[in-house]
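These notes concern the structure reproduced below.
The values are calculated or read from the model by the stated rules, or taken from the named source; none is laboratory data. Because the structure is a prediction, the values reported are computed rather than measured. Here the Cβ positions follow ideal geometry from the backbone for every residue, glycine too, while neighbour counts run over all protein chains shown.
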Amino acid sequence: MKKKFFLGIDQGTTGVTAILFDKDFTAVARGYAEIAQYYPQAGWVEHDLQNLRDAMLAAVGEVMTAAAAAPDAVLAVGLDHEGESVALWHAETGLPLAPAIVWQDRRTAARAEALARTHGDFFRARTALTPDSYFSATKLEWLLQNVAGATALAREGKLRAGNMDAWLLYCLTGGKAHKTDASTASRTMLYNIETGAWDEEICALLGIDKAILPEVGDSIRPFGVTDPDAFLGIKAPIFAMLNDQQAALLGQGCIRPGMMKTTYGTGCFMLMNTGDTPVRSKNGLVTTVAWQLDGKRTYALDGGVYIAGAAVSWLRDGLGIITTAKECGPLAASLADNGGVYFVPAFAGLAAPHWDAAATGTLIGLTGGTTRAHIVRATEEAIAYQVTDVAHAMARDADVPLTCLRCDGGAVHDKFLMQFQSDILALPLEIPVCADATALGVAFAAAVGAGYAKWEQAEGLFTAKSRYAPTNMTADERTALLAGWHRAVERAKGWHT
């Protein structure tokens, strides 16, 4: 009897990962393809939508080949994506009208700041979000105002808009489906978090016709069937779509209130399950939908760090002081301390809990004795400091003590970073056997939708491969390091005018 699999497709900012899981949710094979990012102007970040689609096909093709899986071996497909990035395409031809605007893009920062001043309370009441160019709404408004022909196509009913999940679903189904889920919709600043629908007044305020937006609903439901002509000969039901960080929350087994995880990727994102009640943050965090099942929403607190792994990429591609990310941990560990050097990687401004779009990257504390190892260590430490700031804000908002942090993503293989993270946070870390928790979570969700698994089994998805305990730092050392970090952050703020 041929083996059957669940396919998890994880579309991240810099690449697409495709993993086949067996019926015990053990990863059988993995495929990966990079996505090109474009920087046409300062503060602009774009994807080529056809390149993104091709990367998805390449990753899936690789994993199917690696597993020697026939097209009919896929039982169900789950899709997660990078979040707030947004695109426009022609409903009939499927051709993109413009590059996608990536979540890191800051071209609409001034517009978002103006909305925060004039309508901040209105947006917070409806969406639980403070206007920021991080979210999709002002990106979509910009596209509609600046892409030739978009308005005319909208009038003719031939325009489609959505986040990357909607675009990839369109591609997977051969143009037959235009849908999204509540977790993604809650990242757009267009979605009413109480009613579970696109907000009429907000859409009108921004000049967005709701008809171009995808149908929003449950995270687990029949989203469509893959078109074999468009998807490598595979004809399989798509039963789950999630925002990537919510998929990772599920993949880490965090289905009960109070459970939390951090994903270390291009950015770094911490989520805490808060149950069936949205917690309105007083400490600069984002209130979001974790998932929606049978019309019932589960909420989470979200702290997003824009630049984490992307800072390591900058060391490699921008400065050329490393050749691979694997060099960072040993270089950082070669020093007894950071030598007073701090790096604030605010390449796209600062996100939670600071929310300063005018902040910029800052490297401070340099002396004649500063070496590349100091800069690498400062970069490693900066990732951990940012996570610590978010974790402390989360503990204050949720009013619960933090007891453990589950971590996934590529950086969990960096032993120096993980140990420093545990030390500076004064908290144990747990690293799962499956570091690809995002793909695991969405594949599991698809299995639930297809009737092969039950939701309650999600807690069993997490198995710790390794643990880190805070053993290498005194309370005084921790306080001093964090004080230096916060001094550096203050100097990074408000630089752009």
> Taking into account only those residues within region 408-422 that are charged (D, E, K, R) and crowded, with 17+ Cβ neighbours inside 10 Å, which is nearest to Ala351 (Cα to Cα)?
Replying inline: Asp408
> For region 78-127, how many residues meet the condition of being in a helix (DSSP H, G or I) and surrounded by fewer than 21 Cβ atoms within 10 Å (Cβ to Cβ)?
Replying inline: 15
> Which of the residues belonging to region 11-69 are closer than 19 Å to Ala240 by Cβ, among the β-branched types (Val, Ile, Thr), at pLDDT 95 or above and out of contact with any Lys or Arg (no Cβ under 9 Å at 6 or more places or on another chain)?
Replying inline: Val16, Val60
>> Need pairs with beta-carbon distance below 6 Å; first residue within 28 Å of Gly361 (Cα to Cα) and modelled with pLDDT of 95 or more and within region 463-491, second part of a strand (DSSP E or B) and aliphatic (A, V, I, L, M); sequence gap 6+ or separate chains.
In response: Ala488/Val344; Ala488/Ile364; Val489/Val344
>> Cβ-Cβ under 6 Å, sequence separation 6+ or interchain: first residue in region 209-237 and closer than 30 Å to Ala152 by Cα, partner at pLDDT 95 or above and of a type in the set (S, T, N, Q). Which pairs?
In response: Pro214/Thr180; Val216/Thr180; Gly224/Thr173; Asp227/Thr173
>> For region 270-386, give me every one of the strands (runs of 3 or more DSSP E) that falls completely inside it and has 2 or more residues that are more than 30 Å from Ala125 (Cα to Cα).
In response: 342-344, 362-364
> Regarding Pro222, is this residue surrounded by fewer than 22 Cβ atoms within 10 Å (Cβ to Cβ), outside any strand (DSSP E or B) and not charged (D, E, K, R)?
Replying inline: no
>> of a type in the set (Ser, Thr, Tyr), under 30 Å from Leu293 (Cα atoms) and touching a helix residue (DSSP H, G or I) at 6+ places or on another chain (Cβ under 7 Å): which single residue out of Thr463, Thr438 fits that description?
In response: Thr438
> Can you name the residue in region 274-325 that is of a type in the set (Lys, Arg) and touching a helix residue (DSSP H, G or I) at 6+ places or on another chain (Cβ under 8 Å) and is also surrounded by the most Cβ atoms within 10 Å (Cβ to Cβ) among such residues?
Replying inline: Arg297
> When the residues of region 298-325 are filtered to those that are among the β-branched types (Val, Ile, Thr) and in contact with a strand residue (DSSP E or B) (Cβ under 6 Å, 6 or more places away or on another chain), which remaining residue is farthest from Tyr385 (Cα to Cα)?
Replying inline: Thr298
> Before we move on, is Leu425 out of contact with any Gly (no Cβ under 8 Å at 6 or more places or on another chain) and either touching a residue at least 40 places away in the same chain (Cβ under 8 Å) or surrounded by fewer than 18 Cβ atoms within 10 Å (Cβ to Cβ) (or both)?
Replying inline: yes
>> Against the condition more than 14 Å from the chain's Cα centre (by Cα), assigned to a strand (DSSP E or B) and crowded, with 24+ Cβ neighbours inside 10 Å, how does Phe239 come out, does it pass?
In response: yes
> Among all residue pairs at least 6 apart or on different chains, which show Cβ distances below 7 Å where the first residue, located in region 10-27, is crowded, with 24+ Cβ neighbours inside 10 Å and the second is at pLDDT 95 or above and basic (Lys, Arg)?
Replying inline: Ile19/Arg30
> So Leu405 fits all but one of (1) of a type outside the set (Lys, Arg); (2) in contact with an Asp or Glu (Cβ under 9 Å, 6 or more places away or on another chain); (3) surrounded by fewer than 23 Cβ atoms within 10 Å (Cβ to Cβ); (4) within 20 Å of Glu490 (Cβ to Cβ); what number is the exception?
Replying inline: (4)
> For region 351-363, does any single residue satisfy the condition of being without any contact (Cβ under 8 Å) to a residue 12 or more places away in the chain, surrounded by fewer than 22 Cβ atoms within 10 Å (Cβ to Cβ) and farther than 14 Å from His486 by Cα?
Replying inline: no
>> From the list Gly83, Gly94, exactly one residue is under 21 Å from His178 (Cβ atoms), in contact (Cβ under 8 Å) with a residue 12 or more places away in the chain and under 20 Å from the mean Cα position of the chain (by Cα). Which is it?
In response: Gly83
> Which ones in region 178-219 are assigned to a loop (DSSP other than H, G, I, E, B), touching a strand residue (DSSP E or B) at 6+ places or on another chain (Cβ under 9 Å) and surrounded by fewer than 19 Cβ atoms within 10 Å (Cβ to Cβ)?
Replying inline: Gly196, Asp209
>> Suppose we keep only residues that are within 18 Å of the chain's Cα centre (by Cα) and modelled with pLDDT of 90 or more within region 416-443. Which one would you say is nearest to Val74 (Cα to Cα)?
In response: Ala443
>> Name the single residue that is surrounded by the fewest Cβ atoms within 10 Å (Cβ to Cβ) among those in region 154-176 being in a loop (DSSP other than H, G, I, E, B) and free of Cβ contacts under 8 Å to residues at least 60 places away in the same chain.
In response: Glu156
